[in-house]
Amino acid sequence: MNLKNYIKDIPDFPEKGILFRDITPLLQNGEALRYACDILAKFAKEKEADVIVGPESRGFIFGTPVACRIEKGFVPVRKPNKLPRESIGVEYDLEYGKNALFMHKDAIKKGQKVVIIDDLLATGGTISAVIKLVEKLGGIVVGIAFVIELEELKGYEKFKNYEMLALLKY
């Protein structure tokens, strides 16, 4: 199956000069969504993940079904003021701004093998922040996976020491 058939290009979103790769058509097609999640789950299983971590919000969309497929837990990484219990946080840069991410302090146990899943790798700021959170809690990142990688932004260069999977590259 060619997943690129289910990605729509949206020019000048969220601001002028950015070409947004919209995954909504992929999400709306059950066969394409299942296919993408199956590949991500195979990767996580091969890495012997103990837990799947996904950043808000589209990392939730792909990370949760992967966790279910491999019968492991899912840890959400949230934006500020979204987690109800004690959490740790880190600030990071986006390709078009700044933000912060948080994880519950008890979400990852020391030594747990973690696969991080998100929809898109651009500059790598979001995933770098997630890796910092996981490693602060003693987790071991054994893989990072994306539906889409934007190669021209060279985010992948930040992750040469990690096993990485991208289903689609632009």
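The values are calculated or read from the model by the stated rules, or taken from the named source; none is laboratory data. The structure displayed is predicted, hence computed values, not measured ones. Cβ: placed from backbone, ideal geometry, glycine included. Neighbour counts: every protein chain shown.
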Residue identified as closer than 18 Å to V141 by Cβ and surrounded by fewer than 21 Cβ atoms within 10 Å (Cβ to Cβ) among G63, G111: G111
Subset of segment 9-64 (residues that are of a type in the set (D, E) and part of a helix (DSSP H, G or I)): E31, D38, E46
Unique residue being surrounded by 14 or more Cβ atoms within 10 Å (Cβ to Cβ), of a type in the set (S, T, N, Q) and out of contact with any Leu (no Cβ under 8 Å at 6 or more places or on another chain) when the list is N99, N161: N99
Residue identified as among the basic types (K, R), touching a strand residue (DSSP E or B) at 6+ places or on another chain (Cβ under 7 Å) and touching a residue at least 12 places away in the same chain (Cβ under 8 Å) among K79, K98: K79
Segment 114-150 - residue that is under 22 Å from Y35 (Cβ atoms), in contact with a Phe, Trp or Tyr (Cβ under 7 Å, 6 or more places away or on another chain) and free of Cβ contacts under 8 Å to residues at least 40 places away in the same chain and, of those, surrounded by the fewest Cβ atoms within 10 Å (Cβ to Cβ): E149
Subset of segment 71-85 [under 16 Å from G139 (Cβ atoms) and not in a strand (DSSP E or B)]: K72
Failed condition for A122, given (1) under 20 Å from I70 (Cβ atoms); (2) touching a helix residue (DSSP H, G or I) at 6+ places or on another chain (Cβ under 7 Å): (1)
Filtered residue count, segment 76-99, keeping only those that are touching a Lys or Arg at 6+ places or on another chain (Cβ under 9 Å), at pLDDT 95 or above and under 25 Å from L165 (Cα atoms): 2
